[in-house]
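Below is one structure, written out as structure tokens; the observations come after it.
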Amino acid sequence: MSRFSALLVRAAERIGVSAHKAVRVYSGRTGETTGGIRLAVWKHSAADGEGRRSIAAAGTDLMLSGTTAKGKPVLFQPTNVKSVALKDANGETIGVMFPSKPSDDTSGKWASAPTRNVDTTVTRGFVDVEKARVTKQLAFIAEEPETAPWAQTTTPKRPVYAQAHADPEVFVVKANLGSRLLPRWTTVDVDGETYGKILATNEHFARAAGASPGAPVVLVSCDVGDGAMVARTTADYLHRTGAVTGDIYAPKGMTGFSIENGVSDMYVTLLKLRGDGTAPGFEVFPGPGADTAG
């Protein structure tokens, strides 16, 4: 990694938004994955108790692969992955978060804000790359909020959210590689299809998806819609198995949220030249059962 790239990564968590906003941008992390092992394909039903029992059984049967931060290959089951329900102000589950850093304890609070603008709007931000090269500091420019792509259909539905740290090549989760009595929680990098399997067998994700059939899914993970687009294989798996029928949206930049006076907003920061407002903030993977007419 170049010195300038390292500067951007270190500074990502310190990016601020002026104009009465304060947003913390959660940086991704790098890593490589090994090839996945052959796994059984499971199609879940998420709405009732029987569906939830099926989810638990599937999570017990599957064995997944990933790598540690040091590149060591590891095997684990979906049920060993740490997850937290994202809940709205009424306590309803609207998605799942996979915490992997100590700071993640509070990073899901945006979901429970009384007014969640994230469902309908998103704000793009840009980093003045040339100025950052000269000053060694990030210059962050926030644009005006715009209608989120998942809210531009003829019959918008409340999205289902999946939040995890990531970069263009891997998603990051924390898995228990020990036992229930002697847990050994380890940060693990996984490829896109493996992340799809984790989502498909996760009880929180299934509950949120079951409450809003055909809803769009928003991957709240930095840069997964950019570069190598790890999100593509996640979307392919979820659509192919029927776990998700709606469109899946993947950010092309760093994601972050602000919460002010009970209102939460989402930001996607692109490392582009200042004023480059033409680059889209999200990659979309159309679902077979989605309402995509605008």
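The values are calculated or read from the model by the stated rules, or taken from the named source; none is laboratory data. Here the structure is a predicted model, which is why all the values come from computation and not from measurement. Positions of Cβ are generated from backbone atoms using ideal geometry, with glycine treated the same way; all protein chains shown enter the neighbour counts. With ligands, DNA and RNA removed, areas are computed over all heavy atoms of the protein, side chains included. Shrake-Rupley method; radii C 1.70, N 1.55, O 1.52, S 1.80 Å.
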Checklist outcome for this item: In whole percent, the fraction of accessible protein surface over region 68-155 that belongs to carbon or sulfur atoms, probe radius 1.4 Å, stands at 47
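Inverting the mean 1/r over all pairs of different Cα atoms, compute the Kirkwood radius of region 62-219 and quote it in Å. Spell out each step's value before the answer.
Working: mean 1/r = 0.0571 Å⁻¹.
Hydrodynamic radius (Kirkwood, Cα only) of region 62-219 equals 17.5 Å.
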Checklist entry - In what sequence, highest mean first, do 130-137, 147-154 appear when ranked by Cβ atoms within 10 angstrom? => result 147-154, 130-137
Next on the checklist: Could you derive backbone 3J(HN,Hα) for region 254-268 from the dihedral phi with the Karplus parameters 6.51, -1.76 and 1.60 (θ = phi - 60°), listing whole Hz in sequence and x where the residue is Gly or Pro?
Outcome noted: 6, 9, x, 9, 10, 10, 9, 6, x, 10, 10, 10, 10, 10, 10
Next on the checklist: List the residues, sorted by chain then number, that are 5 or more residues from residue 83 or on another chain and whose placed amide H is less than 5 Å from its amide H.
Outcome noted: none
Checklist entry - So what are the ³J(HN,Hα) numbers for region 169-179, from phi and the Karplus equation (6.51, -1.76, 1.60; θ = phi - 60°), rounded to whole Hz, Gly and Pro as x? => result 10, 9, 9, 10, 10, 10, 10, 7, 9, x, 10
Checklist outcome for this item: residue 121 and residue 135 label points (each 7 Å along its Cα→Cβ direction) are spaced in nm at 2.6
Checklist outcome for this item: Sorted by chain and then number, the residues having a modelled amide H within less than 5 Å of the amide H of residue 218, at least 5 places away or on another chain, are 160, 161, 162, 249
Next on the checklist: Please report the net charge: other residues with Cβ closer than 14 Å to the Cβ of residue 184, K and R +1, D and E -1.
Outcome noted: +4
Checklist entry - Near the amide H of residue 64, under 5 Å away, which other amide H atoms are found, from residues 5 or more places off or on another chain, if H is placed in the peptide plane? => result 76, 77
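In what sequence, highest mean first, do 160-169, 254-263 appear when ranked by Cβ atoms within 10 angstrom? Don't skip to the answer; put the middle values down first.
Numbers: 160-169: 25.1, 254-263: 18.6.
Descending packing order for the listed peptides: 160-169, 254-263.
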Checklist outcome for this item: Simple spin-label estimate for residue 184/residue 87, 7 Å along Cα→Cβ, in nm, reads 3.3
Checklist entry - Using the C-alpha atoms of region 128-233, what convex hull volume per residue, in cubic angstrom, is computed? => result 158
Next on the checklist: Could you give each residue of region 89-99 its phi-based ³J(HN,Hα) in whole Hz, using Karplus coefficients 6.51, -1.76, 1.60 with θ = phi - 60°, and x for Gly or Pro?
Outcome noted: 5, 9, x, 7, 6, 10, x, 9, 10, 10, x
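Which shape class, rounded, prolate or oblate, goes with region 197-271 when its Cα gyration tensor gives a ≥ b ≥ c as root eigenvalues, a/c under 1.5 marks rounded, and past that a/b bigger than b/c marks prolate?
Numbers: a/c = 2.50, a/b = 1.26, b/c = 1.98.
Oblate is the answer for region 197-271, as a/c is 1.5 or above yet b/c matches or exceeds a/b.
Strictly over 22 Å apart at the Cα level, which of 82/252; 157/197; 70/101; 72/252; 82/197 would you flag in this model?
Numbers: 82/252 25 Å; 157/197 24 Å; 70/101 16 Å; 72/252 28 Å; 82/197 14 Å.
In this structure, 82/252; 157/197; 72/252 lie more than 22 Å apart at Cα.
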